[in-house]
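The values are calculated or read from the model by the stated rules, or taken from the named source; none is laboratory data. Since we're looking at a predicted model, the values are computed, not measured. Positions of Cβ are backbone-derived with ideal geometry, glycine not excepted, and every protein chain shown enters the neighbour counts. Each accessible area value is taken on the protein alone, full model and side chains, heavy atoms only, with ligands, DNA and RNA left out. Shrake-Rupley method; radii C 1.70, N 1.55, O 1.52, S 1.80 Å.
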Amino acid sequence: QVQLVESGGGLVQTGGSLRLSCVASGTTFRINRNEWYRQAPGKQRELVATIDTGGTTTYADSVKGRFTISRDNAKNTVYLQMDSPKSEDTAVYYCTASNYVNKYWGQGTQVTVSS
């Protein structure tokens, strides 16, 4: 089992920056992929960014060039650096951790971008 706890959400102005953190505990050594999703009110959940054990990253077109996903294996932590956020980035952000069998989800953290 893997437990995930996100933090770092809150209110940020457009053009500012915010860093989300996701700390994993439990059977973390089998994790081979981490992801950040988001869900805005009335919208479908959207995959924002991914990172694998080799450090390869992918991004949704909507955040490419503005968001950066990274991981610190020593701290069992995955980050999502949000630079130059826009109002449309307002959502609840969730991190996930996957092994070859399961995908685990955190509880989510609210990000609100104000103009």
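Taking R0 as 41 Å, what FRET efficiency do you get between residue 11 and residue 101 from their Cβ-Cβ distance, rounded to the nearest 0.05?
Calculated transfer efficiency: 0.65.
With all distinct Cα pairs included, what does the Kirkwood hydrodynamic radius of the stretch 63-102 come out to in Å, to one decimal, could you say?
In the stretch 63-102 this quantity evaluates to 12.1 Å.
Give me Rg/Rg_expected for the stretch 1-82, where Rg uses Cα atoms only and Rg_expected = 2.2 N^0.38 Å with N residues. Mind showing how you got there, number by number?
Values: Rg = 13.1 Å, N = 82, 2.2 N^0.38 = 11.7 Å.
In units of the 2.2 N^0.38 Å rule of thumb, it is 1.11.
Taking the alpha carbon gyration tensor of the stretch 36-115, what are the square roots of 5 times its eigenvalues, largest first, to the nearest whole Å?
After scaling each eigenvalue by five and taking roots: 22, 15, 11 Å.
Could you work out how much longer the chain between residue 3 and residue 112 gets when fully extended? Use 0.36 nm per residue separation minus the Cα distance between them, nm to one decimal.
36.8 nm
For the stretch 1-91, with all protein chains present and a 1.4 Å probe, just round the carbon and sulfur fraction of the accessible area to a whole percent.
On the stretch 1-91, the fraction of accessible area on carbon and sulfur atoms equals 45 percent.
Counting pairs on different chains as well as pairs 8 or more places apart, how many Lys pairs in the chain have Cα atoms under 22 Å apart?
5
Between exposed trypsin sites (Lys or Arg not before Pro) in the chain, where DSSP calls loop and at most 12 other Cβ atoms lie within 10 Å, what's the longest gap?
65-115
Between residue 27 and residue 64, how high is the FRET efficiency from 1/(1 + (r/R0)^6) when r is the Cβ-Cβ distance and R₀ = 35 Å? Nearest 0.05.
0.65
Probe of 1.4 angstrom, ligands and nucleic acids ignored: what's the accessible area per residue over the chain, in square angstrom?
On a per-residue basis, the chain sits at 54 Å².
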